[in-house]
Amino acid sequence: MSDGDVDPTAAGGDADPSPEAGTDGTEPEPDRPPDVPEWDDEFLDEVATRLMFNYDLEKDYTVDGRRFGLYGRMDMHHEKHFLHPALSFAHHDSYEHVFARRADGVRRRDVDALLELGHDLADEWIDANEEHYSTDFTFALVTDAVPDDLAEFVSEFRERTMIKRGYYGHYEVHLVLVAPGDERVVASREAHLADAFRLWDPIEEGEPSWWDLITRRLQL
């Protein structure tokens with residue numbers, strides 16, 4: 001996996017517009033890998049196009065009796081080398097899980113249920129050992145509107161749990177509430193994936209993307 005995106009025009013100057021590019025100058029959508037499903041939900045399908053090159057994606061995913069329209073998983077292995085690649089040390093594994101679904105209204109009990117699910121999944125899914133560095137669970141609810149009191153709670157929320165006092169790394173649960181009609185995203189303090197759901201804002205070149213923020217946070 002590369003450390004960053006490569007500008008295809010960097011080596012050869014300004015390139016002619018691609019024939020697939022829109023007449024308004026926007027970039028064409030990237031080709032969808034054959035193993036990435038398509039969603040009937042247009043919003044989730046667009047979110048998937050932002051995640052599909054870094055996450056293994058599934059649709060209609062059920063876990064602990066709860067159904068999510070979109071689920072994604074990313075595994076990252078980090079190691080350092082001394083003189084030769086065969087001489088490696090400082091092995092660390094990091095994992096990212098994202099769950100997203102539609103919701104007819106969002107209440108505090110809905111958010112609390114997701115937080116509880118995150119802790120349950122941490123107990124079930126994390127293989128706690130010396131090589132585990134971090135696991136992140138991001139839960140996104142797509143709804144018509146976000147109540148102000150709930151937005152205040154989510155925007156101030158952060159919860160990181162150390163495993164065996166940090167010797168086996170940590171895990172963190174993140175929350176994202178999305179109201180596409182209002183073009184509003186409310187996210188917990190370290191929910192770097194929030195930008196993947198902010199579809200009305202293009203990802204500007206030169207600015208750190210959600211992917212940059214994730215990889216920076218995982219650098220040791």
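Going residue by residue through the stretch 108-122, is there one that turns out to be modelled with pLDDT under 95 and under 30 Å from residue 35 (Cβ atoms)?
Taking the stretch 108-122 first, the residues modelled with pLDDT under 95 are none.
Checking the stretch 108-122: not a single residue is modelled with pLDDT under 95 and under 30 Å from residue 35 (Cβ atoms).
Could we say that residue 98 is touching a helix residue (DSSP H, G or I) at 6+ places or on another chain (Cβ under 9 Å), at pLDDT 95 or above and not in a strand (DSSP E or B) here? I'd like the intermediate steps shown before the answer.
Values: touching a helix residue (DSSP H, G or I) at 6+ places or on another chain (Cβ under 9 Å): yes; at pLDDT 95 or above: yes; not in a strand (DSSP E or B): no.
Criteria not met by residue 98.
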### Task
Residues being among the aliphatic types (A, V, I, L, M) and in contact with a Ser or Thr (Cβ under 6 Å, 6 or more places away or on another chain): count how many of those fall in the stretch 142-175.
2
### Message
Testing residue 12 on (1) modelled with pLDDT under 95; (2) assigned to a strand (DSSP E or B), one condition comes back false. Which one is that?
### Response
(2)
### Conditions (1) farther than 13 Å from residue 108 by Cα; (2) assigned to a loop (DSSP other than H, G, I, E, B); number of the one not met by residue 186
(2)
## Note on the structure
The correct count of residues that are over 17 Å from residue 121 (Cα atoms) and either surrounded by 17 or more Cβ atoms within 10 Å (Cβ to Cβ) or modelled with pLDDT of 90 or more (or both) in the stretch 67-92 is 2
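Residues in the stretch 154-176: is at least one within 17 Å of residue 44 (Cα to Cα) and aliphatic (A, V, I, L, M)? First the steps, then the outcome.
First, the residues of the stretch 154-176 that are within 17 Å of residue 44 (Cα to Cα): 175-176.
Still in the running and aliphatic (A, V, I, L, M): 175-176.
Within the stretch 154-176 (the criterion being within 17 Å of residue 44 (Cα to Cα) and aliphatic (A, V, I, L, M)), the answer is yes, since at least one residue qualifies.
Regarding residue 154, is this residue hydrophobic (A, V, I, L, M, F, W, C), assigned to a loop (DSSP other than H, G, I, E, B) and surrounded by 17 or more Cβ atoms within 10 Å (Cβ to Cβ)? Steps first, please.
Values: hydrophobic (A, V, I, L, M, F, W, C): yes; assigned to a loop (DSSP other than H, G, I, E, B): no; surrounded by 17 or more Cβ atoms within 10 Å (Cβ to Cβ): yes.
No, not satisfied.
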### Query
Counting just the residues of the stretch 189-220 that are part of a loop (DSSP other than H, G, I, E, B) and closer than 18 Å to residue 45 by Cβ, which one comes out modelled with the lowest pLDDT?
203
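The values are calculated or read from the model by the stated rules, or taken from the named source; none is laboratory data. Nothing here was measured: the structure is a model prediction, and the numbers come from that model. When we count neighbours, we look across all protein chains shown, and the Cβ atoms used for this are built from the backbone with ideal geometry, even at glycine.
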